[in-house]
There are 2 protein chains.
Amino acid sequence: MTKFDEATRALRVDETTYDVCLDDGYGIGGPLNGGYLLAVVLRAVVDASPHAHPVSTSAQFLRAPRPGPAQVRLEQLKAGRTAAMTRATLLQDDRAYIEALVTTATLGDAAPDWSAGPPLAMPPPERCRPLPEPKPESNMTLNAQLEMLFDPPTIGWLTGEPTGRPESRAYFRMAEPQDPDPFVLALAVDALPPVVFSAGARGWAPTVELTWYLRALPAPGWLTLYGSGRLISDGWFDEEVEVRDSTGRIVAQSRQIARLGRG
Amino acid sequence: MTKFDEATRALRVDETTYDVCLDDGYGIGGPLNGGYLLAVVLRAVVDASPHAHPVSTSAQFLRAPRPGPAQVRLEQLKAGRTAAMTRATLLQDDRAYIEALVTTATLGDAAPDWSAGPPLAMPPPERCRPLPEPKPESNMTLNAQLEMLFDPPTIGWLTGEPTGRPESRAYFRMAEPQDPDPFVLALAVDALPPVVFSAGARGWAPTVELTWYLRALPAPGWLTLYGSGRLISDGWFDEEVEVRDSTGRIVAQSRQIARLGRG
């Protein structure tokens, strides 16, 4: 069991309740990373489902929970032959922090019927760059769990050279060796710095809603995250991430809407 | 009040319940159009919200409801200063047909800080084409409510010439003159024939999950719908629609995951 597996463990209390413990090793400057929280929720959903894979997850982020004990409460909405649908709520002290709707199904391993090509060419990992080590007081504990190598222009904002449009691209794997699985993908779709940093924005950019689809089980090795956005307007921005596995296959797609930081 | 306004009317029974009547004029070969059903749900959500606009809507389609009386049941999850979050369930005979999570907020009319260019060049409306009149027995009653003019290659599948990739693009407006509003946009994001028809697929392609974001209030006039997909695999496909108003501004973004038809 890896540290990530442990940090996302969900212990069944009864048919509708799971106990979890939110790990302070997934902090992004105070709040816990949203993808990490979704991975925790999905552990419970998948455990309780007749199907193996979380194909669709939509989540509203109501509040930021603290590290420590929490619960996942499940409501089974439909249990079909092809897919099951579940409502899942992350609770702390009986208060809802995340509301999610999850569709589980069982994916096969057939080759795709049709696939779009990669969104953009990525330089090879040896020409990509990690983020600088965060200052201990920044509380960016998430960084230590991940190995990410960025397409250099998309972290130009670090040195005052943003590209001028919302984008972020990186190779991704867990720092502790672990083959990617659907729970790692939940973490991956929300692991990039906000794409708006490349457009010159700064500050805490809270996710309001995030939906991601699991499209295939990833092959072992690096994942590649292609992050982009279409519109920054009125204090809101969208962020899309396409995740490909080491064979180049699309394994996950996400889109979130978030608030612009106040800098 | 237009026919669409009437067909989506939600009458408040009490704080958590609205009565609606699902109109058989929005059929797509038997089932009712998913975007129409979301417009009905959103009428209730917005009526009960302190905010004016449905910024984010995620919906799971559990079952296909029949035309006739139904209810929308609301649960207020959070009422914040910037945004409110609501769970909404479409019920018929006390059974859930759609589960949705909706974030409402109040959008302004400032110019975007940054926007992507149009996904593709569209020919002008006079070089685009409507779908042929549906056969009465097909129960495609939705078509009569809409005026849609398609980029010709993206309806080549009608004459045995699919483009070979998932795509569909059209100008869109209500047949009965009506300025587009957020409820019309809910209809618009699910109004294109499934994008996989252009990739050679056929048959009823049921939406499993659809999330759409309202990004701005649309200007009067035609909307343009740019539909595409990234992956067709294992019986599942994604469909994305970017909606622009008559000024070219991005007003809505949707993505859905659906099952491939067996047809």
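FYI, it's all coordinate maths here, none of it is from the lab. Everything quoted here is computed from the prediction, not taken from an experiment. Positions of Cβ are generated from backbone atoms using ideal geometry, with glycine treated the same way; all protein chains shown enter the neighbour counts.
Counting every C-alpha pair in the stretch B:116-159, the share spaced more than 12 angstrom apart comes to 68%.
Rounded to the nearest 20 debye, the dipole magnitude of the stretch B:1-72 is 200 debye, with +1 charges on Lys and Arg beta carbons, -1 on Asp and Glu beta carbons, and the Cα centre as origin. Taking each DSSP H run with n ≥ 4 as -39500 (n - 2.57) and averaging over every residue of chain B yields -3000 deg cm²/dmol at 222 nm.
The stretch B:70-101 and the stretch B:118-171 have their alpha-carbon centroids 33 Å apart. With contacts taken as Cα pairs under 8 Å at a separation of at least 6 residues, the stretch B:35-114 carries a relative contact order of 35 percent.
For A:E137, the label point sits 7 Å beyond Cα toward Cβ; its separations from the matching points on the remaining copies run 7.8 nm, from shortest to longest.
Ordering A:L192, A:S246, A:G229 by the projection of their Cα atoms onto the charge dipole of the stretch A:116-263, which places +1 on the Cβ of Lys and Arg and -1 on the Cβ of Asp and Glu, puts A:G229 at the extreme positive end. Set the Cα radius of gyration of the stretch A:119-263 against 2.2 N^0.38 Å, with N its number of residues, and you get 0.99. For the stretch B:157-199, the fraction of C-alpha pairs farther apart than 15 angstrom is 51 percent. If R0 is 25 Å, the Cβ-Cβ spacing of A:R66 and B:E15 corresponds to a FRET efficiency of close to 0.20. Each Cα pair under 8 Å and six or more residues apart adds its separation to the average, and for the stretch B:136-252 the resulting relative contact order is 26 percent. Projecting the Cα atoms of B:N139, B:T89, B:L107 onto the charge dipole of the stretch B:78-178, computed from C-beta unit charges around the Cα centre, puts B:L107 farthest toward the positive end. Based on C-alpha pairs under 8 angstrom that are at least 6 apart in sequence, chain A has a relative contact order of 17 percent.
For B:L91 and B:S246, the difference between the fully extended length at 0.36 nm per residue and the C-alpha to C-alpha distance is 52.2 nm. Separation of the stretch A:208-263 from the stretch B:229-253 is 15 Å, based on Cα centroids.
Remark: spin-label model distance B:S138-B:E176 equals 2.3 nm, labels positioned 7 Å along the Cα→Cβ axis. Remark: the protein assembly as shown is approximated by an ellipsoid whose semi-axes, taken from the C-alpha gyration tensor as √(5λ), come to 35, 26, 23 Å, largest first. Treating each Cα of chain A as one equal point scatterer and applying the Debye formula with no solvent, the log10 of I(q)/I(0) at q = 0.07, 0.12 Å⁻¹ comes out as -0.23, -0.69. Label-point spacing for A:P67 across the identical copies (point 7 Å from Cα in the Cβ direction), in nm and ascending order: 5.9. Shape of the stretch B:1-148 from its Cα gyration tensor (a ≥ b ≥ c, root eigenvalues): rounded if a/c is under 1.5, otherwise prolate when a/b > b/c, or oblate? Taking the square roots of the gyration eigenvalues as a ≥ b ≥ c, the stretch B:1-148 is oblate. Only the Cβ atoms of Lys and Arg (+1) and of Asp and Glu (-1) were treated as charged; on that basis the dipole of the stretch A:93-189 about its Cα centre amounts to roughly 400 debye. Restricting the calculation to alpha carbons of the stretch A:178-263 gives Rg and Dmax of 13.4, 41 angstrom. Farthest toward the dipole's positive end in chain A, which of A:A10, A:P119, A:G29, given Cβ charges of +1 (Lys, Arg) and -1 (Asp, Glu) about the Cα centre? Of the candidates, A:P119 comes out farthest on the positive side. Helix A:34-48 axis versus longest C-alpha principal axis of chain A: approximately 30°, rounded to the nearest ten.
Given in Å, the Rg to one decimal and the Dmax to the nearest whole number for the Cα atoms of the stretch B:1-68 are 12.2, 37. Under 26 Å Cα-Cα from B:K3, which lysines qualify once same-chain neighbours fewer than 8 residues away are excluded? Leaving aside lysines fewer than 8 places away in the same chain, those within reach of B:K3 are B:K135.
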